[in-house]
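Below you'll find the structure, written out as structure tokens, and then a few comments.
Laboratory data are not the source of any read-out in this text; all were calculated from the coordinates shown. Treat the numbers as computed from the prediction; the structure is a model and nothing was measured. Note: ideal-geometry Cβ built from the backbone for every residue, glycine included; neighbour counts use all protein chains shown.
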DNA sequence: TAGATTGTTAATCGATTAACAATC
DNA sequence: TAGATTGTTAATCGATTAACAATC
């Protein structure tokens, strides 16, 4: 369904358009069908309107000339494009502070991400629960991924263990990894890796502060 | 000290070079002065070596032709450039799961970020502590920032309160905001805003998964 | 000196934006 | 029809990379 060679900045912006439309629809009167133009989205997001039309054009023609886009329709198209119309199963590896916080994060469930389990190597944590999600032994992670057909692994272990844990997840057949560990994982190119590097965010910030 | 018009992707990569060098120095024998070439950094980071030299050239000439860069020297230069040679004071606003997890995150202290306080509006939380950091009433945040000269505010409140809390921080004279709330803050351009949007990370991931 | 690598210029590549014909 | 806005092409802008003189 998806064409190749879509710039990743475009995918990024599609997520922004999606959120923007969600907000508009939420606050709007539902009686009238709501149309929205690329320049209105531009005003709300700060993204150039030609950019918006071009980003959408990668995937089809969703607007009506002279009128704009039917908001509820465009939202649905974006959800199809971004895979937000499906459920995704995920696990969290690492039951530290951040891992536990992510397990409780409501934003995930809202987006169709179902956290099926948390994994850790600490015997004191194994068997406990975070909310309604159980903490399992990291030794079981490969089998768990395979048996339960887990799509996404959220990696929240210290940097020194990240690579070996990632290898286990790949062995189990994980499809994507959201990596919070501050290092570059080297894995087979089959697996999609997204890095969320909080330290780098901070370092960039201080660069701009020390100008 | 800093020139304007440095692309933000360059700043991003400087952080990566810095971490890369830290790792190399950590694992290397300290007897010999360690020289490293742009192509070695390239091999470790996956970034083109000309790119690396060009990024560094924005800030000065740090290498020796025919030899490369003296690792400990380059690390120090990068720390100067990125403002990592200074201490920065920060607060966390929002003592939810993520806020508490960030308060405990060791990576911050290691980088010279000192968390001076956590703020929340929940009377049950105010007065408690996360580790050694106290939770204060959100009403005091403006005065606290002003009195203690806080540089960075980490914003971890629900989206619907994010704008008003950000306004308070700006009123107190905050210099930068690290925003975890899923929305675009509108603030005076004096304040540096960095957005860390976990939902968007997930949405991008599912785009690539549903190909 | 010969070999290696920087710093920098010039060429390439890709992404953004302006402009406009098509059309609602 | 007149006004508005899309979809798309062409122009612009900026970032990446190749190439190479300078030089250790």
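In table form, for the structure just shown:
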{"read-out": "Rough spin-label spacing in nm, given labels placed 7 Å along Cα→Cβ, for residue A:76 and residue A:159", "value": "4.8"}
{"read-out": "R0 of 56 Å, Cβ-Cβ distance residue A:140-residue B:191: FRET efficiency to nearest 0.05", "value": "0.75"}
{"read-out": "Nearest-ten-degree value, helix B:71-82 long axis tilted from longest Cα axis of chain B", "value": "40"}
{"read-out": "Fully extended contour minus Cα-Cα distance, from residue B:58 to residue B:209, at 0.36 nm per residue", "value": "50.6 nm"}
{"read-out": "Per-residue [θ]222 nm for the protein assembly as shown (sum of -39500 (n - 2.57) over DSSP H runs n ≥ 4, rounded to 500)", "value": "-13500 deg cm²/dmol"}
{"read-out": "Proxy reagent accessibility, fewest Cβ within 10 Å first, across A:205, B:124, B:74", "value": "B:124, B:74, A:205"}
{"read-out": "Degrees, to the nearest 10: A:159-172 long Cα axis against longest axis of chain A", "value": "80"}
{"read-out": "Most fluctuating residue given options A:46, A:173, A:127, as computed from a GNM of chain A linking Cα atoms under 10 Å", "value": "A:46"}
{"read-out": "For residue B:65, inter-copy label distances in nm, listed shortest first [label point 7 Å out on the Cα-Cβ vector]", "value": "5.9"}
{"read-out": "Ratio Rg/Rh [Cα only; Rh per Kirkwood] for the stretch B:6-149", "value": "1.13"}
{"read-out": "Cα coordinate range in the protein assembly as shown, projected on the principal axes (Å, largest first)", "value": "74, 53, 49"}
{"read-out": "Gaussian network model of chain A, springs between alpha carbon atoms under 10 Å - residue of A:95, A:71, A:181 with greatest fluctuation", "value": "A:71"}
{"read-out": "Closest approach to the axis - chain B beta-carbon, rotation onto A, Å", "value": "B:101, 2"}
{"read-out": "Stretch gain in nm, segment residue A:27-residue A:86, where the contour uses 0.36 nm per residue and the Cα spacing is subtracted", "value": "18.8 nm"}
{"read-out": "For A:58, B:136, order by how many other beta-carbon atoms lie within 10 Å, fewest first", "value": "A:58, B:136"}
{"read-out": "For B:174, A:36, order by how many other beta-carbon atoms lie within 10 Å, fewest first", "value": "A:36, B:174"}
{"read-out": "Max mean-square fluctuation residue, GNM over chain B, Cα-Cα springs under 10 Å, options B:171, B:159, B:57", "value": "B:57"}
{"read-out": "Percent of beta bridges antiparallel (DSSP, the stretch A:93-211, rounded to nearest 5)", "value": "15"}
{"read-out": "Rounded FRET efficiency, nearest 0.05, which uses the C-beta distance separating residue B:65 from residue B:122 and R0 of 60 Å", "value": "0.50"}
{"read-out": "For the stretch B:105-184: rounded, prolate or oblate by the Cα gyration tensor [a/c cutoff 1.5]", "value": "rounded"}
{"read-out": "C-alpha center-to-center spacing [the stretch A:28-71, the stretch B:133-185] in angstrom", "value": "33"}
{"read-out": "Copy-to-copy label separations for residue A:195, where each label sits 7 Å from Cα toward Cβ, in nm and ascending", "value": "2.2"}
{"read-out": "DSSP bridge pairs, chain B: antiparallel proportion in percent, nearest 5", "value": "20"}
{"read-out": "Using a 7 Å Cα-to-Cβ projection, residue B:167 label spacings across copies, nm, ascending", "value": "5.4"}
{"read-out": "Tilt relative to chain A, helix A:8-27 - C-alpha long axis, 0 to 90 degrees, to 10", "value": "70"}
